[in-house]
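S.K.: Provided herewith is a single structure, encoded as structure tokens, for subsequent inquiry.
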Amino acid sequence: MTSTIFHGLLPLIVLGAAIVIVMLQIAWRRHAGITQGLALLALIMAMVALSPSWALGHVEATPLFVVDGLSRLISLVLLLGALVTLLLTDRWLRWQNLESGEFTLLLLLATLGTLVMVHAQHAASFILGLELLGVSVYTLIAYPQRHGTSVEGGLKYLVLSSASTGMLLFGMALIYAATGALAFVEVGKQLADADTVLTSAATVLVVAGVAFKLSLVPFHMWTPDVYEGAPTPVTGFLATASKVALIAVIIRWFAATGLGDGSVVNTALSSLAIASMVIGNVLALYQDNLKRLLAYSSIAHMGYLLIALVIFGGSSTGDLAVQAAVWYLLAYTVATLAAFAALTLVAGGGNEAPVRQDLAGLLWRRPILGLLFMVALLSLAGVPLTAGFMGKFYLVTVSVTAQAWYLLAALVFGSAVSVFYYLRLIYTLVSKDDAASTVQLEVPWLSGVAVAGLLVGILMLGVLPGGVAALLSRIL
Amino acid sequence: MLSQLILVPTFPLLSATLLLLVGRQMPRPLVTLLGVGSIGAAALTVVLLLPQWLANPEPVTVLLWQWFAVANFSIDVALYLDQLSIIWLCTITGIGFLIHLYSSEYMAGDSDYARYFAYLNLFVASMLVLVLADNLLLLFLGWEGVGLCSYLLIGFWYQDSTNGAAARKAFVVTRAGDAAMALGLFLLVAELNTLDIKAVTGAAQAQWSAGSTLPTLACALLFIGAVGKSAQLPLQTWLPDAMAGPTPVSALIHAATMVTAGIYLLARLNGLFVLAPDVMTVIAWVGVTTALMAAFAALTQFDIKRILAYSTISQLGYMFLALGIGAWDAGVMHMMTHAFFKALLFLAAGAVIACLHHEQDIRRMGGLRRTLVIPFWSFLIGSAALAALPFTAGFASKDLILLMAWASGEQGKWLWSLAALGALITALYSFKLIFVVFFGVPKTEPNHQPGWRMSIPLTILAALSIGGGLIALPLRDVLPLPNYEAEHGLVAWISAAIPIAGVIAAFVLFQRNGIASIAAVRSNLGHWLAAFWRSGWGMDTLYDRLLVQPYKRLAHWWRHEPVDVAVRLIMWVVSRSHWTVAATQNGQLARYVTVMVLGLILMLALVVRTPT
């Protein structure tokens, strides 16, 4: 292992070592403060470890992993997401009377899984990361064993996720059968001589496996049940980290293999995108359970994001499409994390399934939390001066450039419908009704840091997008 | 260089934010300090920047940040300072500060003190953004901000529903103009692919020939926007009703902000407007017609503030006349002098009103020259400037407009005649106000005297209303010169004599009560005409009959029109489909797996059907 490779993979190494240390520490002596402190340190160290690799450019770190601009940026996003989740769970675990040791450990393991995926350039490392993430997440969802819904959610996710991974693996097997390769670049090279029926079938299977994790229609059915059952901070993690990592892999997969190219695959992907945008938003319309509502809205958002991937796979405007996808991913991540952070803190007192009416007048009772939730919703709705607006702006620009009118029409329709339920929620937030004031609303300072960071993030991406946009066009 | 420029709009914006968020909890002195101090700080910044800029008077662009740049279309957030914007900058911050200082006494008894200053600061901040904007999108942001703040301030005493109605009217009427302006901006973006003001002007001059369709259309749309904001025919009806707000707000709307935005837009885009000579002609005629009609309307009002409101509409008409005939610098100069004397008149009127138990009807005033000394002298100087008597600031600018009008081409004589008639009426009504309110028999006794925070702004503004005409505006570099010279000779003497004649007529008619002896005034026709003018030429009734009532009737009659049905249908379809798809989420794992597998099979069928 040369020093370049070492430096490139340093974040993974740091995180892996930290996991071992945390596990030993738990075995030695259980102490919530120490465990969480170590985890916090581990995440920050991993972020610091990212910095020396920025100057290295493209690094082929073993046949399994690659380190480049995309992997660094997405790793940073994932580590920040994990950090936010950790900061939110600090007090929350105590409120819920849950053991913090295993929870923190599983969170770190899941984060490692996402990082492995982000760096993967080989089917083996991809599946390795995916399963590392998957197994940790099943457990995290079912972590509050006393809650029937949590266990139910965990079980549903386990069964369905296994089925989807089966599809993915079968697709990879077909790819191997057709090309004799598993490394992404190798697959791309052998593709010309491969049997098209096999490779298209394989692509569909891979897409189906990925679509499940991204909860794209018709692989979306699990989403509301699992989101609702999972403990709220875990839902936030699930809704962001696993999707971010998968999008990164799929971008790399399409870029290296060229399998997203081709009109038939494109039609299939476009259908998924349109169905997700329409059905996701329609499902969210009258939903009063907030976690289910956000689940449905995340279906729609993944549909929007898929527009960029469809265009990336199918046309020459590739660079802009990747930028659009990554930007949308950033906007979606920060807004979704913010929404779930607000719900976590509202739910802190034990209300694990808050409904719309519970938030009535939140803006007046807890201005900071209310503001956070409101800004998150505005961003998800794509209102100007928030991150979400810039994301949609990118997507519209890309679709217009690529003349993808059907996708654009679905995007417009979906956004129009979504405004109804986002604004209805905002109306609830500002309505002066303190019937629900019994909800406990203590904001511990660590969570406060996370809240402030998210708020600044959403607004900064919306008001001053120039810097990040320049960064994206430089590294992607 | 000049990066401190950002501070100018930042101070008021920051203070407005603070006051809106925590103003209620602040002690009053702190609110005053923030509210007045922020504008003071902005004015001070301008004063400090001025010598630095004058040392090297080149246009400066201060790029703050790039909002976004996607696929060769970018929007910068940048401030632009040149000779034109610096005039507005000085006017807005200078007069704005005096009005704020005055407000701190005028509004001292109001329970919503902090909210008042928050809106007022936001108003000034929006106007500053408008005049400093480097591109039309940022300008539009300021433009709409000004519209919003005017709505908030006109309806400041919202407890009285008529004030709310006036605010709504101002908002809706100016919105009609704004819609046209937005269309104009869309047209510019679509055709020129930029919103940067310099680039727009440059590209327009490169791509479009003078008098062709596109520049005419774009300028016409932008002009309609300016008409709405600057209360010109036919969108002037909101301004007299806007008197519902506190008097200092009227001073701010009429003098330093809001209504001069239309003038600014036209002057700023002069490079575009010279490409549309037809629109320029329309501007001149709209201006002079408005000037004349509003002057007649002002003559017959009883409410002291409404007189001043109509006089603003009339004076703005003169500015548009000047812009329309290509005398850009005269128009801008009149904007500035008008800002001085109109602020003075409104603040003096506010002092009279406040000292007379909120009495606004001039028929119940009289003989106040001995009891309210400072307001009297302020009013006298302000009226003299408004009437454009020689040796006042108003004379310097308005006389120039008249003489330029005479010299401007074939229609010049007609424009001059109407404008001169307007000037006569202006002198008549402004001195009618003086004679009725300050001379004659005292009818209502003042209950107190204005304090120093009201008197100092009045004194400064009075000085500016006299000497302000001597300020030499460095406009030659940024505005195109007219291709003709101002008229000299006999016409110049006549133009200067007209206001004096007006004052003498006012003396005879209203001080010597000559009006009572004129039979025509007492006739039925005279009464009808006076009432007609008083109602602003019946415009409100006309619009009510012509637009509002038919629209309401149409809406009532056509409640189930196809568009409605279509909208309802969409609603119905979407909510029905919600319940349909929501029913699929039954929580059963078996169902979920089935749907997944079916989806997979469908996709496979789609992809694998054609082995080639």
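The values are calculated or read from the model by the stated rules, or taken from the named source; none is laboratory data. This structure is a prediction, so every number in the text was calculated from the model and none was measured. All Cβ positions, even for glycine, are placed from backbone atoms using ideal geometry, and neighbour counts span all protein chains on display.
S.K.: Quick one: what pairs do we get from region B:204-232, first residue touching a residue at least 60 places away in the same chain (Cβ under 8 Å), second aromatic (Phe, Trp, Tyr) and outside any helix (DSSP H, G or I), C-beta under 7 Å, 6+ apart or different chains?
M.R.: Correct list of pairs: B:Pro215/B:Trp208.
To keep it simple, each residue is scored yes or no on (1) more than 14 Å from every other protein chain (Cβ to nearest Cβ); (2) touching an Asp or Glu at 6+ places or on another chain (Cβ under 7 Å); (3) part of a helix (DSSP H, G or I).
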| residue | (1), (2), (3) |
| --- | --- |
| A:Thr104 | yes, no, yes |
| A:Leu128 | yes, no, yes |
| A:Leu132 | yes, no, yes |
| A:Thr139 | yes, no, yes |
| A:Ser150 | yes, no, yes |
| A:Lys156 | no, yes, yes |
| A:Ala163 | no, no, yes |
| A:Gly166 | no, no, yes |
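S.K.: Which residues, taken from region A:453-475, are more than 14 Å from every other protein chain (Cβ to nearest Cβ) and touching a residue at least 60 places away in the same chain (Cβ under 8 Å)?
M.R.: A:Gly453, A:Leu454, A:Leu455, A:Gly457, A:Ile458, A:Ile475
S.K.: Sticking with this structure for a sec: I'd like the residue in region B:576-590 that is more than 59 Å from the chain's Cα centre (by Cα) and facing another protein chain (nearest Cβ under 7 Å) and, out of all such residues, is farthest from A:Met167 (Cα to Cα).
M.R.: Looking at residues that are more than 59 Å from the chain's Cα centre (by Cα) and facing another protein chain (nearest Cβ under 7 Å), I get B:Gly587.
Yes or no, residue by residue, for (1) touching an Asp or Glu at 6+ places or on another chain (Cβ under 9 Å); (2) over 30 Å from B:Leu63 (Cβ atoms); (3) in a loop (DSSP other than H, G, I, E, B):
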site: B:Leu89; (1), (2), (3): no, no, no
site: B:Ile92; (1), (2), (3): no, no, no
site: B:Ser103; (1), (2), (3): no, yes, no
site: B:Asp110; (1), (2), (3): no, yes, yes
site: B:Ala118; (1), (2), (3): no, no, no
site: B:Leu122; (1), (2), (3): no, no, no
site: B:Ser126; (1), (2), (3): yes, no, no
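S.K.: Separate question: Sort out which residues of region A:264-275 are of a type in the set (A, V, I, L, M) and either buried (at least 23 other Cβ atoms within 10 Å of the Cβ) or within 11 Å of chain B (Cβ to nearest Cβ) (or both), and write them in order of number.
M.R.: A:Val264, A:Val265, A:Ala268, A:Leu269, A:Leu272, A:Ala273, A:Ala275 - these are the residues of region A:264-275 that are of a type in the set (A, V, I, L, M) and either buried (at least 23 other Cβ atoms within 10 Å of the Cβ) or within 11 Å of chain B (Cβ to nearest Cβ) (or both).
S.K.: Continuing with the same structure: In region A:444-476, how many are out of contact with any helix residue (DSSP H, G or I) (no Cβ under 9 Å at 6 or more places or on another chain) and under 13 Å from A:Leu83 (Cβ atoms)?
M.R.: Residues flagged as out of contact with any helix residue (DSSP H, G or I) (no Cβ under 9 Å at 6 or more places or on another chain) and under 13 Å from A:Leu83 (Cβ atoms) within region A:444-476 amount to 0.
S.K.: If you don't mind, another one. From B:Ser74, B:Ser104, which residue is of a type in the set (S, T, N, Q) and farther than 28 Å from B:Ala462 by Cβ?
M.R.: Sole residue among the options that is of a type in the set (S, T, N, Q) and farther than 28 Å from B:Ala462 by Cβ: B:Ser74.
S.K.: So, one more: Suppose we filter B:Val567, B:Val573, B:Val563, B:Val595 for residues that are surrounded by 15 or more Cβ atoms within 10 Å (Cβ to Cβ) and either within 14 Å of chain A (Cβ to nearest Cβ) or assigned to a helix (DSSP H, G or I) (or both); which single one remains?
M.R.: B:Val595
S.K.: Residue pairs, Cβ under 9 Å, 6 or more apart or interchain, first in region A:428-450 and basic (Lys, Arg), second surrounded by fewer than 17 Cβ atoms within 10 Å (Cβ to Cβ) and modelled with pLDDT under 85. List them.
M.R.: Going by the 9 Å Cβ cut-off, the qualifying pairs are A:Lys432/A:Trp364.
S.K.: Search region A:371-404 for residues being in a helix (DSSP H, G or I), within 14 Å of chain B (Cβ to nearest Cβ) and in contact with a Gly (Cβ under 8 Å, 6 or more places away or on another chain), and hand back the single one that is farthest from A:Leu423 (Cα to Cα).
M.R.: Of everything passing the filter in region A:371-404, A:Ala402 is farthest from A:Leu423 (Cα to Cα).
S.K.: Looking at this structure, is A:Ile141 in the same structural domain as A:Ile250 (by TED's automatic domain parsing), in contact (Cβ under 8 Å) with a residue 60 or more places away in the chain and among the β-branched types (Val, Ile, Thr)?
M.R.: yes
S.K.: Could you check region A:10-32 and list, in sequence order, the residues that are among the hydrophobic types (A, V, I, L, M, F, W, C) and modelled with pLDDT under 90?
M.R.: Answer for region A:10-32, where residues must be among the hydrophobic types (A, V, I, L, M, F, W, C) and modelled with pLDDT under 90: just A:Ala32.
S.K.: Using the structure shown, decide if A:Ile127 is over 24 Å from A:Thr344 (Cα atoms), surrounded by 21 or more Cβ atoms within 10 Å (Cβ to Cβ) and touching a residue at least 40 places away in the same chain (Cβ under 8 Å).
M.R.: So A:Ile127 fails the test.
S.K.: Right, here's the next one. Among the residues of region B:95-118, how many are under 17 Å from the mean Cα position of the chain (by Cα) and of a type outside the set (Val, Ile, Thr)?
M.R.: 1
S.K.: Without any contact (Cβ under 8 Å) to a residue 12 or more places away in the chain and outside the structural domain of A:Gly448 (by TED's automatic domain parsing), is that true of A:Val20?
M.R.: Answer is yes for this residue.
S.K.: Can you name the residue in region A:276-304 that is surrounded by fewer than 24 Cβ atoms within 10 Å (Cβ to Cβ) and more than 9 Å from every other protein chain (Cβ to nearest Cβ) and is also nearest to A:Arg424 (Cα to Cα) among such residues?
M.R.: Among residues in region A:276-304 that are surrounded by fewer than 24 Cβ atoms within 10 Å (Cβ to Cβ) and more than 9 Å from every other protein chain (Cβ to nearest Cβ), the one nearest to A:Arg424 (Cα to Cα) is A:Asp288.
S.K.: Could you list, in sequence order, all residues of region B:373-410 that are surrounded by fewer than 24 Cβ atoms within 10 Å (Cβ to Cβ), of a type outside the set (Phe, Trp, Tyr) and at pLDDT below 85?
M.R.: Selection gives B:Val373, B:Ile374, B:Leu389, B:Pro390, B:Ala396, B:Asp399, B:Leu400, B:Leu403, B:Ala407, B:Gly409, B:Glu410.
S.K.: Moving to a separate point now. Being away from every other protein chain (no Cβ under 14 Å), surrounded by fewer than 22 Cβ atoms within 10 Å (Cβ to Cβ) and in contact with a helix residue (DSSP H, G or I) (Cβ under 7 Å, 6 or more places away or on another chain) is the filter here, so list the residues in region A:250-263 that pass it.
M.R.: The answer is A:Ala256, A:Gly258.
S.K.: Something else about it: Given the structure, is B:His357 farther than 18 Å from B:Leu265 by Cβ and more than 14 Å from the chain's Cα centre (by Cα)?
M.R.: So B:His357 fits the description; yes.
S.K.: Are there any pairs with C-beta distances below 6 angstrom linking a residue in region A:352-366 that is touching a residue at least 40 places away in the same chain (Cβ under 8 Å) to a residue that is among the charged types (D, E, K, R) and surrounded by fewer than 20 Cβ atoms within 10 Å (Cβ to Cβ), with the two at least 6 apart or on different chains, and if so which?
M.R.: A:Val355/A:Asp288; A:Arg356/A:Asp288; A:Ala360/A:Asp433; A:Gly361/A:Lys432; A:Gly361/A:Asp433; A:Gly361/A:Asp434
S.K.: Follow-up. Output the number of residues of region A:179-205 satisfying the condition of being away from chain B (no Cβ under 11 Å) and farther than 25 Å from A:His119 by Cβ.
M.R.: Of the residues in that region, 3 qualify.
S.K.: Can you find a residue in region A:364-373 that is within 21 Å of the chain's Cα centre (by Cα), assigned by TED's automatic domain parsing to the domain that holds A:Val449 and at pLDDT 85 or above?
M.R.: Yes, that holds for at least one residue.
S.K.: Please give the number of the condition A:Ile247 fails out of (1) more than 25 Å from the chain's Cα centre (by Cα); (2) surrounded by 24 or more Cβ atoms within 10 Å (Cβ to Cβ); (3) of a type outside the set (Lys, Arg).
M.R.: Going through the list (1) more than 25 Å from the chain's Cα centre (by Cα); (2) surrounded by 24 or more Cβ atoms within 10 Å (Cβ to Cβ); (3) of a type outside the set (Lys, Arg), A:Ile247 breaks only (1).
S.K.: Filter region A:48-61 for residues that are outside any helix (DSSP H, G or I) and in contact with a His (Cβ under 9 Å, 6 or more places away or on another chain); which is nearest to A:Met117 (Cα to Cα)?
M.R.: A:Ala61
S.K.: For region B:192-242, which positions are part of a helix (DSSP H, G or I) and polar (S, T, N, Q)?
M.R.: Across region B:192-242, the qualifying residues are B:Thr201, B:Gln205, B:Gln207, B:Thr213, B:Thr216.
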